[in-house]
Amino acid sequence: MLSTVLRTIAAHALFERGERVLVAVSGGPDSMALLHLLWEARDRLGLTLEVAGVDHGLRPAAAQELDVVEARAAALELPFVRLPVDVAGARRGASLQDAARRARLGALEVLAAARGARRIALGHQADDQAETVLFRILRGTGLPGLCGIPYRRGPFVRPLLDVGRAEIVRYLRRRSIPFVEDPSNADLRFARARVRHRYLPLLREENPRVAEALVALAAAARRTAAPAMERGGEPESAPALPRRLGAAVERLRARGGTATLDVAGGQRLEISYGAVRLGARAPVRDRAPEPTVIAGPGTYRCATGALDVTEGSGGRPERAGSAAFDAELVAWPLTLRARRAGDRMRPRGGRGSRKLSDLMIDAKIARGARASLPVVVSARGELLFVPGLRPAEMARPTARTRRVVRFRFLP
């Protein structure tokens, strides 16, 4: 099956080498197979993978299902983010499943922008394609609707569209990869469940290969009516971000960081490194500043000043108040955040890690200034740099270092 997926990726130019990819995983068989297939192919494709699981808050068991995803991500040594979304607040007259889809895709797109991921991989497969085409035929559609699910649309890509459900389940069982089944997929109250469990079985009595025929119909429709869709264009059902949210996402794409957007009903959308919170009530009291993503060189603002981040060749002496690290040994993206209780760091030249509070006391940093000092943390949670302290031993440049990343705090 991996060879089929690799052919699909190449034929539709789903990825480019060096890209960061956010893999959306629900715990179901399709997305769990997608996660493991991309993990198998990550080196040959030159991809950096991260995993996200969306909790729609509709079923109590959903949180336990995402525990399965989190465990698999940990086993594969991949970062995992759990995304709670407010489906009820997003309905606005839409069906429950359509509201959940829009909330899910919107949250994934915002998180991808915050994490610097240019692609979001989804687990739709060939049987989903057949069901989508039949669903649109039953509801009434034109030629564009017959194009079905695109391989690529904006940041979203679907590497499994040429693989069927039965082959996916065989792949998982041969490798003893756990997965869960969403009971809503069999709930006949939902139109798509009726298409899968009622209408397609009836059509298979007439044509056992009706699913393949519907997939072929979608391919023919795309060749005829929708070449722009394969170049990243938007189909008729594409979710659209509101203008203000779209502007916030573009700011994040350009410089990283944190965006906060107040929406109707006193609600707030917060976008930051490692978290996307949708539908939370706007707080009425002051809070600590949200973390800022450091995706590359630039100047990043914080409450007490700014952090200047540059990259260059090694060998230059460090300026006072600055620190250099081996850029290839640093786990990107980095985070600029406030100090937290329990923070520890191994200072350069030290024998072990120490509490950040003790290091600040030893450095004679005034008590009133300690809480406001920014902290630079790697994607693995390693403290690298705090103004006024020796830099961390982690990623210390050596004679073999080719490029360094330098931090300098500007009060």
Test: VAL87 is closer than 24 Å to THR132 by Cα and either under 16 Å from the mean Cα position of the chain (by Cα) or among the β-branched types (Val, Ile, Thr) (or both):
yes
Within the stretch 183-206, the residues that are over 30 Å from PRO60 (Cβ atoms) and open to solvent by 60 Å² or more (accessible area, probe 1.4 Å) are TYR199, LEU202, LEU203, ARG204, GLU205, GLU206
Within the stretch 1-59, which residues are charged (D, E, K, R) and touching a Gly at 6+ places or on another chain (Cβ under 9 Å)?
GLU16, ARG17, GLU19, ARG20, ASP30
In the stretch 370-408, which residues are touching a residue at least 60 places away in the same chain (Cβ under 8 Å) and either part of a helix (DSSP H, G or I) or among the aromatic types (Phe, Trp, Tyr) (or both)?
PHE385, PHE407
Failed condition for GLY140, given (1) at positive phi; (2) touching a residue at least 40 places away in the same chain (Cβ under 8 Å):
(2)
Among the residues of the stretch 141-191, the number that are under 15 Å from HIS124 (Cβ atoms) and not in a helix (DSSP H, G or I) is 19
Looking at (1) of a type outside the set (D, E, K, R); (2) touching a Lys or Arg at 6+ places or on another chain (Cβ under 7 Å); (3) open to solvent by 10 Å² or more (accessible area, probe 1.4 Å), which one does VAL21 not meet, given that it meets all the others?
(3)
Tell me, please, whether a residue that is more than 13 Å from the chain's Cα centre (by Cα), surrounded by 14 or more Cβ atoms within 10 Å (Cβ to Cβ), touching a residue at least 12 places away in the same chain (Cβ under 8 Å) and assigned to a strand (DSSP E or B) can be found in the stretch 53-76.
yes
If I filter the stretch 348-363 for residues that are within 29 Å of the chain's Cα centre (by Cα) and either open to solvent by less than 80 Å² (accessible area, probe 1.4 Å) or charged (D, E, K, R) (or both), do I get at least one hit?
no
Based on this model, can you work out whether ALA225 counts as farther than 30 Å from PRO60 by Cα, open to solvent by 40 Å² or more (accessible area, probe 1.4 Å), small (Gly, Ala, Ser) and modelled with pLDDT of 80 or more?
no
Between ARG92, ARG119, which is basic (Lys, Arg) and modelled with pLDDT of 90 or more?
ARG119
Find the residue count for the stretch 1-39, including only residues that are under 15 Å from the mean Cα position of the chain (by Cα), under 14 Å from HIS124 (Cβ atoms) and outside any helix (DSSP H, G or I).
4
Condition set closer than 21 Å to PRO79 by Cα and in contact with a strand residue (DSSP E or B) (Cβ under 7 Å, 6 or more places away or on another chain), scope the stretch 329-343, selection surrounded by the fewest Cβ atoms within 10 Å (Cβ to Cβ): answer is ASP343
Condition check for ARG406: under 30 Å from VAL51 (Cα atoms), surrounded by 14 or more Cβ atoms within 10 Å (Cβ to Cβ), at pLDDT 85 or above and out of contact with any strand residue (DSSP E or B) (no Cβ under 6 Å at 6 or more places or on another chain):
no
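The values are calculated or read from the model by the stated rules, or taken from the named source; none is laboratory data. Here the structure is a predicted model, which is why all the values come from computation and not from measurement. Positions of Cβ are backbone-derived with ideal geometry, glycine not excepted, and every protein chain shown enters the neighbour counts. In case anyone asks, the SASA skips ligands and DNA or RNA and just uses the protein heavy atoms, side chains included. Shrake-Rupley method; radii C 1.70, N 1.55, O 1.52, S 1.80 Å.
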